[in-house]
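Visitor: Before I ask anything, here is the structure I am working with.
The values are calculated or read from the model by the stated rules, or taken from the named source; none is laboratory data. What you are looking at is a predicted structure, and each value in this text was computed from that prediction instead of being measured. Glycine gets a Cβ as well: all are built from the backbone with ideal geometry, and neighbour counts include every protein chain shown.
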Amino acid sequence: MSSWLDYTINGLIVGNVYALVAVGLALIFGVSRLINFAQGSIYLVGAYIGWVAVVQLHTPLPLTIIFVAVVAALVGLIIERFGLRPLQNSVRIAPLLATIGISFVLDQLVMLTFSPNPRALPSQLPDVRFQVGGGTIGPLDLLIAGVGISSAVLLFVFLRYSKLGWAVRAASQDRDAAMQMGVDVNRVNQAVFGIAAALGGVSGLLVGMYYNQIDTAMSLQATLKGVVAEVVGGAGNVPGAVVGSLLLGLVESYGVAVFGTSYRNLFAFLLLVVVLVLRPNGLFASARQAPPEPLTGTFIAPSRPVRIPRWALLVAAAVFAILPLLPVSFYVLQTLINAWLLGMLALSLTLVAGTIGQVSLGHAALLAIGAYTSALLSLTLSVPVGLAIIAGGLMSAALGTILISPSFRLRGHYVSIATLAIGEIVSLVILNWESVTRGPIGISGIPPLSLFGYDLISPTSVYWFSFAVMVVLALLQARLLSSHLGRSFRAIRDDDVAARAYGLSLNRYKSLAFIFGGFAAGVSGGIAAHLYSYINHETFNTQQSILALTVVILGGLGNVVGAIVGAVALVGLPEVFRIAAEYRILIYGIVLLLLVRFRPQGLLGTI
Amino acid sequence: MAEAHAPLLSLRGLTRRFGGLTAVDGIDLDLAKGGLVSIIGPNGAGKTTLFNLVTGLDRPDAGEVRFEGQDITGLSPERLAGRGIARTFQLGRVFGNLSVMDNVLIGAHTRLRAVKPAVPVIGPLLELGLALLRPSSVKAEEERLREEVKAILARFGERLLPRIDQPAYSLSYANRRRVEIARALALKPRLLLLDEPTAGMNPSETAEMQALVAELKAEGLTILLIEHKLEMVMRLSDRVIVMDEGQKIAEGPGEEVRNDPKVIEAYLGHGLSGTAEQESAA
Ligand SMILES: Nc1ncnc2c1ncn2[C@@H]1O[C@H](COP(=O)(O)OP(=O)(O)OP(=O)(O)O)[C@@H](O)[C@H]1O
Ligand SMILES: [Mg+2]
């Protein structure tokens with residue numbers, strides 16, 4: 001009995017923290033219809049600024065909180081001014097990608113400044129527990145509750161009684177009408193980003209104190225939790241976000257009580273998927289609304305793809321094919337093998353995100369499914385590696401499509417959230433399903449690549465194998481794009497309402513796109529498993545999903561040749577310039593930001 | 001008489017509410033095969049919402065839609081397209097990054113047979129396989145449809161044919177509207193719904209469009225038309241329905257409706273009928 005009270009209190013406290021993140025997300029979504037994927041990074045910044053204040057500056061608690069809030073707000077203002085405001089008249093996909101890029105840049109900056117190792121963030125409150133009913137409660141719990149409630153009250157007063165708050169509410173109800181009435185949308189955005197960032201930063205500080213530990217992985221978790229809470233409460237709905245957060249906190253806390261700690265996140269993401277499927281507008285939204293008629297082709301940047309003559313492609317393919325015969329180092333071959341593997345993933349993602357417009361942020365999950373399938377088949381059932389890899393591709397195609405199918409009725413940013421969550425669910429299932437996946441230990445001793453009984457161990461043979469597989473997948477995809485399916489996919493991307501009115505079933509064609517794309521990704525994952533010989537639940541992570549997305553944007557959405565060029569560029573250039581590994585993600589983030597801002601159609605253009 | 005020929009399309013008590021607003025309020029309508037009925041009314045009268053209800057993009061809160069004698073209320077837009085209902089959109093919804101050719105080919109999507117075998121469960125996988133393998137039957141079908149698209153585009157004279165490979169986003173506004181109509185025609189519709197096909201067009205372009213619609217009607221196509229330009233409505237329509245605030249306030253032959261005091265009041269009362277008045281004065 002008493003422990004239930006403890007779990008309830010814990011759920012509400014954690015929910016309170018989520019609320020600080022979710023309310024910011026809701027404010028931003030309300031005003032600019034944007035899901036700010038950088039919110040978790042601000043939370044991370046808040047935690048580390050708090051660490052600096054507490055451990056190095058020895059500030060008293062009230063000052064620590066104010067300090068964190070102010071610095072975080074400044075970061076928010078900078079993001080708004082330099083990251084998002086220039087994209088105001090840009091295509092719908094642009095701000096979404098920009099916040100993803102910003103989040104990577106911020107996380108990496110924090111990691112480079114403070115090192116990725118976890119560190120302690122001591123609470124500045126006395127460590128006592130009071131007996132309440134059957135449970136206990138500490139001063140930090142009370143502080144978190146107090147900050148949560150007072151923030152809510154302050155926000156309410158601001159929105160209700162100040163002129164700027166009125167402008168924020170007007171803009172979130174009807175942006176165009178608000179602008180016509182003379183509301184300065186830039187100022188509204190500034191206010192909203194500043195407030196959201198301050199709340200997010202303080203939330204990071206409090207969580208760090210609560211667990212007495214901070215590390216750079218907090219960022220993605222916070223974004224995910226905040227987004228879950230916000231979507232559960234109804235995107236853009238500020239009170240809804242608070243209720244959604246408390247609900248999420250309770251669901252997690254009870255879930256942990258019943259099933260154990262490693263299931264915490266699983267419950268969060270399952271809650272998200274259930275809400276997205278059953279009530280995509282949130283628990284509290286009412287009307288089923290027909291979307292307004294858009295201007296055409298605003299989701300992706302319209303462009304004319306660069307035409308590359310066939311002979312040039314043949315020459316390039318020939319050069320790469322004979323490369324191992326030339327005096328090149330193993331290091332070059334190794335780098336290019338990585339590029340071909342990433343190229344396969346990028347082919348998959350450029351079809352899904354580019355051709356049919358489902359910007360997936362969980363694409364690495366498809367790698368993982370293919371890798372585990374192929375590894376386990378060859379290890380436990382002694383299936384020949386070649387067949388096991390194909391089976392991995394098919395499993396990824398089938399399972400990936402089934403898992404992603406709940407998101408088929410969603411659009412735009414929601415698809416990205418859902419795929420992100422589904423990707424996390426896959427990695428959590430891998431972690432927890434020990435009888436099959438061997439859980440956190442991972443799978444070791446995976447047999448090397450082999451074909452018709454011959455082991456492919458030398459870099460040269462691995463190079464040829466992966467290059468050949470990638471070229472075949474690329475040719476198949478090019479053929480797909482030139483068929484009626486290519487135009488059907490692109491029609492759905494450009495305008496799904498008009499596409500439906502002409503008989504295109506969204507479920508059918510999104511499934512086909514994911515089946516085809518899932519196969520390529522699964523094959524890539526399968527090959528990787530046999531190359532690495534060891535995989536675990538973290539081998540294929542969100543960073544790879546984002547890297548693949550950067551490749552796809554760099555090459556041009558939907559562009560087959562672009563995906564390969566992008567993969568070679570993003571894998572190869574850091575090697576050429578000998579950029580240290582820890583700076584690479586930072587550079588990928590910056591590349592993504594620059595592309596979105598200056599060349600949204602990528603190098604070779606959207607198809 | 002009316003009993004003998006069941007109308008192609010008939011609406012009974014069709015109603016759609018948005019919160020407190022009843023956008024479409026108990027509309028009855030009958031459209032005979034080969035007929036052309038126009039729906040007019042001031043801005044916000046509920047005309048487009050009515051189209052959405054008929055084409056499945058929105059579901060009615062009450063009432064019934066019957067097409068060729070069957071109840072089709074609340075069917076999905078995909079199914080309705082399969083039954084031969086095609087529409088254009090008021091604000092234009094071409095596929096911006098698709099070429100004119102591909103845009104119109106999408107219109108013919110419901111008519112694909114060779115590449116889309118009607119097999120349950122594995123049908124989609126067969127479709128994927130056929131799209132990649134492309135046996136001669138699939139190639140022939142695609143070729144036939146491409147020829148057909150060219151024939152449809154030829155109806156617009158030299159407006160679209162020379163731009164057949166250009167992406168739709170690069171076209172002029174009027175040309176995008178034409179692409180939409182071409183796309184609708186490629187479906188070989190049994191019922192065509194046109195939502196303000198001449199919006200934003202100049203007088204000569206409007207006259208061209210009017211001639212095209214008249215031609216389609218002469219060919220026996222059944223058409224439901226929303227149009228603000230009354231001159232065109234008067235020329236083309238067998239019957240005119242006037243909507244205001246969701247309700248049908250008048251119905252009958254064009255001339256009769258035009259002089260109906262309720263109609264004049266609806267237009268004047270809202271003060272939004274600039275075009276309508278100019279046209280009727282002309
Ligand atoms: N999805 C929606 N949600 C809420 N209200 C809507 C929605 N769609 C339409 N409405 C409202 O329903 C009413 C009818 O709109 P509708 O677009 O059908 O009018 P219309 O007759 O086509 O006008 P117009 O001549 O301007 O095209 C309007 O008041 C409109 O604001
Ligand atoms: Mg309308």
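Visitor: Given A:589, A:526, A:518, which one is over 25 Å from residue A:386 (Cα atoms), touching a helix residue (DSSP H, G or I) at 6+ places or on another chain (Cβ under 9 Å), of a type in the set (Gly, Ala, Ser) and in the same structural domain as residue A:343 (by TED's automatic domain parsing)? Can you show your working first?
Guide: Working: A:526 fails: over 25 Å from residue A:386 (Cα atoms); A:518 fails: over 25 Å from residue A:386 (Cα atoms).
Within the list A:589, A:526, A:518, the selection yields A:589.
Visitor: Please state which one of B:54, B:94 is within 16 Å of ligand 1 (Cβ to nearest atom) and either modelled with pLDDT of 95 or more or more than 28 Å from residue B:258 (Cα to Cα) (or both). Before you say what the answer is, go through the steps one by one.
Guide: Values: B:94 fails: within 16 Å of ligand 1 (Cβ to nearest atom).
After applying the criteria, what remains is B:54.
Visitor: Filter segment B:81-95 down to the residues that are more than 7 Å from chain A (Cβ to nearest Cβ), within 18 Å of residue A:495 (Cα to Cα) and not in a loop (DSSP other than H, G, I, E, B) and list them by number.
Guide: Correct list: B:86 only.
Visitor: Residues to consider are A:368, A:364, A:398; find the one that is surrounded by fewer than 21 Cβ atoms within 10 Å (Cβ to Cβ) and under 12 Å from residue A:518 (Cα atoms).
Guide: Values: A:368 fails: surrounded by fewer than 21 Cβ atoms within 10 Å (Cβ to Cβ); A:364 fails: surrounded by fewer than 21 Cβ atoms within 10 Å (Cβ to Cβ).
Residue meeting the stated conditions: A:398.
Visitor: Is there a residue in segment B:119-132 that is crowded, with 20+ Cβ neighbours inside 10 Å, under 24 Å from the mean Cα position of the chain (by Cα) and within 12 Å of chain A (Cβ to nearest Cβ)?
Guide: Within segment B:119-132 (the criterion being crowded, with 20+ Cβ neighbours inside 10 Å, under 24 Å from the mean Cα position of the chain (by Cα) and within 12 Å of chain A (Cβ to nearest Cβ)), the answer is no, since none of the residues qualifies.
Visitor: Also, I was wondering about something else. Tell me yes or no: at least one residue of segment B:58-69 is within 20 Å of the chain's Cα centre (by Cα), modelled with pLDDT under 95, near ligand 1 (Cβ under 9 Å from one of its atoms) and within 14 Å of chain A (Cβ to nearest Cβ).
Guide: Within segment B:58-69 (the criterion being within 20 Å of the chain's Cα centre (by Cα), modelled with pLDDT under 95, near ligand 1 (Cβ under 9 Å from one of its atoms) and within 14 Å of chain A (Cβ to nearest Cβ)), the answer is yes, since at least one residue qualifies.
Visitor: Consider residue B:105 against the criteria (1) within 14 Å of chain A (Cβ to nearest Cβ); (2) surrounded by fewer than 22 Cβ atoms within 10 Å (Cβ to Cβ): it satisfies all of them except one. Which criterion is unmet?
Guide: Answer for residue B:105: the failing condition is (2).
Visitor: State whether one or more residues within segment B:38-47 are assigned by TED's automatic domain parsing to the domain that holds residue B:239, in contact with a helix residue (DSSP H, G or I) (Cβ under 9 Å, 6 or more places away or on another chain), near ligand 1 (Cβ under 10 Å from one of its atoms) and of a type in the set (S, T, N, Q). Give the derivation first.
Guide: Here is the first cut: in segment B:38-47, the residues assigned by TED's automatic domain parsing to the domain that holds residue B:239 are B:38-47.
Pick out the ones that are also in contact with a helix residue (DSSP H, G or I) (Cβ under 9 Å, 6 or more places away or on another chain) and you get B:38-45.
Next, from what is left, pick out any that are near ligand 1 (Cβ under 10 Å from one of its atoms): B:39-45.
From what's left, of a type in the set (S, T, N, Q): B:43.
Within segment B:38-47 (the criterion being assigned by TED's automatic domain parsing to the domain that holds residue B:239, in contact with a helix residue (DSSP H, G or I) (Cβ under 9 Å, 6 or more places away or on another chain), near ligand 1 (Cβ under 10 Å from one of its atoms) and of a type in the set (S, T, N, Q)), the answer is yes, since at least one residue qualifies.
Per-residue answers, yes or no, for (1) within 16 Å of ligand 1 (Cβ to nearest atom); (2) small (Gly, Ala, Ser); (3) away from every other protein chain (no Cβ under 14 Å):
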{"residue": "B:208", "(1), (2), (3)": "no, no, yes"}
{"residue": "B:214", "(1), (2), (3)": "no, yes, yes"}
{"residue": "B:217", "(1), (2), (3)": "no, no, yes"}
{"residue": "B:232", "(1), (2), (3)": "yes, no, yes"}
{"residue": "B:235", "(1), (2), (3)": "no, no, yes"}
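Visitor: Okay, next question. If you scan segment B:9-37, which residues turn out to be touching a helix residue (DSSP H, G or I) at 6+ places or on another chain (Cβ under 9 Å) and away from ligand 1 (no atom under 14 Å from the Cβ)?
Guide: The answer is B:9, B:11, B:29, B:34, B:35, B:36.
Visitor: Among the residues of segment A:155-179, which ones are under 17 Å from residue A:88 (Cβ atoms) and in contact with a Gly (Cβ under 6 Å, 6 or more places away or on another chain)?
Guide: Hit for segment A:155-179 is A:172, nothing else.
Visitor: For residue B:183, indicate whether it is closer than 15 Å to residue B:107 by Cβ, away from ligand 1 (no atom under 16 Å from the Cβ) and either surrounded by 22 or more Cβ atoms within 10 Å (Cβ to Cβ) or not assigned by TED's automatic domain parsing to the domain that holds residue B:55 (or both). Working first, answer last.
Guide: Values: closer than 15 Å to residue B:107 by Cβ: yes; away from ligand 1 (no atom under 16 Å from the Cβ): yes; either surrounded by 22 or more Cβ atoms within 10 Å (Cβ to Cβ) or not assigned by TED's automatic domain parsing to the domain that holds residue B:55 (or both): yes.
It is true that residue B:183 is closer than 15 Å to residue B:107 by Cβ, away from ligand 1 (no atom under 16 Å from the Cβ) and either surrounded by 22 or more Cβ atoms within 10 Å (Cβ to Cβ) or not assigned by TED's automatic domain parsing to the domain that holds residue B:55 (or both).
Visitor: Turning to a different aspect of this structure: Mind checking whether some residue in segment A:520-532 is modelled with pLDDT of 95 or more and among the polar types (S, T, N, Q)?
Guide: Yes.
Visitor: Shifting gears a bit: I'm told residue A:424 meets every condition in (1) part of a helix (DSSP H, G or I); (2) out of contact with any helix residue (DSSP H, G or I) (no Cβ under 6 Å at 6 or more places or on another chain) except one. Can you identify the failing condition by its number?
Guide: It fails just one condition, (2).
Visitor: Name the helices (runs of 4 or more DSSP H) wholly inside segment A:434-530 in which the number of residues that are in contact with a Ser or Thr (Cβ under 9 Å, 6 or more places away or on another chain) and either in contact (Cβ under 8 Å) with a residue 60 or more places away in the chain or facing chain B (nearest Cβ under 9 Å) (or both) is 2 or more.
Guide: Working: elements: A:434-437, A:459-481, A:484-494, A:496-501.
Of the helices (runs of 4 or more DSSP H) lying wholly inside segment A:434-530, those with at least 2 residues that are in contact with a Ser or Thr (Cβ under 9 Å, 6 or more places away or on another chain) and either in contact (Cβ under 8 Å) with a residue 60 or more places away in the chain or facing chain B (nearest Cβ under 9 Å) (or both) span A:459-481, A:484-494, A:496-501.
Visitor: I've got another one for you. For segment B:135-165, what are the residues that are assigned to a loop (DSSP other than H, G, I, E, B) and exposed (fewer than 15 other Cβ atoms within 10 Å of the Cβ)? Steps first, answer last, please.
Guide: Kept after step one, since they are assigned to a loop (DSSP other than H, G, I, E, B), are these residues of segment B:135-165: B:135, B:155-160, B:164-165.
Matches in segment B:135-165: B:135, B:157, B:158, B:165.
Visitor: Oh, and also: What helices (runs of 4 or more DSSP H) lie completely within segment A:305-413 and have 1 or more residues being over 26 Å from residue A:604 (Cβ atoms) and of a type outside the set (A, V, I, L, M, F, W, C)? So that I can check it myself, show each step before the final result.
Guide: Values: elements: A:310-322, A:330-349, A:364-380, A:385-404.
So the answer is A:330-349, A:364-380, A:385-404.
Visitor: Go through (1) within 16 Å of ligand 2 (Cβ to nearest atom); (2) farther than 21 Å from residue B:190 by Cα and name the single condition residue B:99 misses.
Guide: (1) is the only condition that residue B:99 fails.
Visitor: Still on this model: Report whether or not residue A:160 is assigned to a helix (DSSP H, G or I) and either among the aliphatic types (A, V, I, L, M) or under 22 Å from residue A:416 (Cα atoms) (or both).
Guide: Values: assigned to a helix (DSSP H, G or I): yes; either among the aliphatic types (A, V, I, L, M) or under 22 Å from residue A:416 (Cα atoms) (or both): no.
For residue A:160, the condition - assigned to a helix (DSSP H, G or I) and either among the aliphatic types (A, V, I, L, M) or under 22 Å from residue A:416 (Cα atoms) (or both) - is not met.
Visitor: Residues of segment B:166-180 being among the aliphatic types (A, V, I, L, M) and crowded, with 24+ Cβ neighbours inside 10 Å, which ones? Reasoning before the result, please.
Guide: Of the residues in segment B:166-180, the ones among the aliphatic types (A, V, I, L, M) are B:168, B:171, B:174, B:179.
Matches in segment B:166-180: B:168, B:179.
Visitor: While we're here: Here are A:399, A:420: which of them is in contact (Cβ under 8 Å) with a residue 12 or more places away in the chain, in contact with a Leu (Cβ under 6 Å, 6 or more places away or on another chain) and closer than 23 Å to residue A:263 by Cβ? Let's see the steps before the verdict.
Guide: Numbers: A:399 fails: in contact with a Leu (Cβ under 6 Å, 6 or more places away or on another chain).
So the residue among A:399, A:420 that is in contact (Cβ under 8 Å) with a residue 12 or more places away in the chain, in contact with a Leu (Cβ under 6 Å, 6 or more places away or on another chain) and closer than 23 Å to residue A:263 by Cβ is A:420.
Visitor: What pairs come out if I take residues in segment B:186-198 that are away from every other protein chain (no Cβ under 11 Å) and over 13 Å from residue B:110 (Cβ atoms) and pair them with residues that are within 12 Å of ligand 2 (Cβ to nearest atom) and among the hydroxyl-bearing types (Ser, Thr, Tyr) whose C-beta lies under 6 Å away, six or more apart or interchain?
Guide: As it stands, the answer is B:194/B:88, since those pairs meet every condition given.
Visitor: Restricting the search to segment B:189-206, which residues are under 12 Å from the mean Cα position of the chain (by Cα) and either basic (Lys, Arg) or within 16 Å of ligand 1 (Cβ to nearest atom) (or both)? Walk me through it before giving the result.
Guide: Of all residues in segment B:189-206, those under 12 Å from the mean Cα position of the chain (by Cα) come to B:189-197.
Across segment B:189-206, the qualifying residues are B:190, B:193, B:194, B:195, B:196, B:197.
Visitor: Can you find a residue in segment B:16-35 that is more than 10 Å from chain A (Cβ to nearest Cβ), within 13 Å of ligand 2 (Cβ to nearest atom) and surrounded by fewer than 17 Cβ atoms within 10 Å (Cβ to Cβ)?
Guide: Here is the first cut: in segment B:16-35, the residues more than 10 Å from chain A (Cβ to nearest Cβ) are B:20-35.
From what's left, within 13 Å of ligand 2 (Cβ to nearest atom): B:23-24.
Filter once more, so that each one left must be surrounded by fewer than 17 Cβ atoms within 10 Å (Cβ to Cβ): none.
The answer is no, given that none of the residues of segment B:16-35 is more than 10 Å from chain A (Cβ to nearest Cβ), within 13 Å of ligand 2 (Cβ to nearest atom) and surrounded by fewer than 17 Cβ atoms within 10 Å (Cβ to Cβ).
Visitor: Given the condition at pLDDT below 85, within 14 Å of another protein chain (Cβ to nearest Cβ), part of a loop (DSSP other than H, G, I, E, B) and within 16 Å of ligand 2 (Cβ to nearest atom), answer yes or no: does some residue in segment A:268-290 qualify?
Guide: Looking through segment A:268-290, at least one residue is at pLDDT below 85, within 14 Å of another protein chain (Cβ to nearest Cβ), part of a loop (DSSP other than H, G, I, E, B) and within 16 Å of ligand 2 (Cβ to nearest atom).
Visitor: Mind checking which residues of segment B:43-81 are small (Gly, Ala, Ser), within 16 Å of ligand 2 (Cβ to nearest atom) and buried (at least 19 other Cβ atoms within 10 Å of the Cβ)? Break it down stepwise before answering.
Guide: Keep residues of segment B:43-81 that are small (Gly, Ala, Ser), which gives B:44-46, B:56, B:62-63, B:69, B:74, B:76, B:81.
If we keep only those that are within 16 Å of ligand 2 (Cβ to nearest atom) too, we end up with B:44-46.
Within segment B:43-81, B:45, B:46 meet the criteria.
Visitor: Would you be able to say whether some residue in segment A:46-56 is loosely packed, with under 15 Cβ neighbours inside 10 Å and more than 22 Å from the chain's Cα centre (by Cα)? Don't jump to the end; show me each part of the working.
Guide: Start the filter on segment A:46-56 by keeping residues that are loosely packed, with under 15 Cβ neighbours inside 10 Å, which leaves A:55-56.
Then drop every residue that is not more than 22 Å from the chain's Cα centre (by Cα), which leaves A:55-56.
Scanning segment A:46-56 turns up at least one residue that is loosely packed, with under 15 Cβ neighbours inside 10 Å and more than 22 Å from the chain's Cα centre (by Cα).
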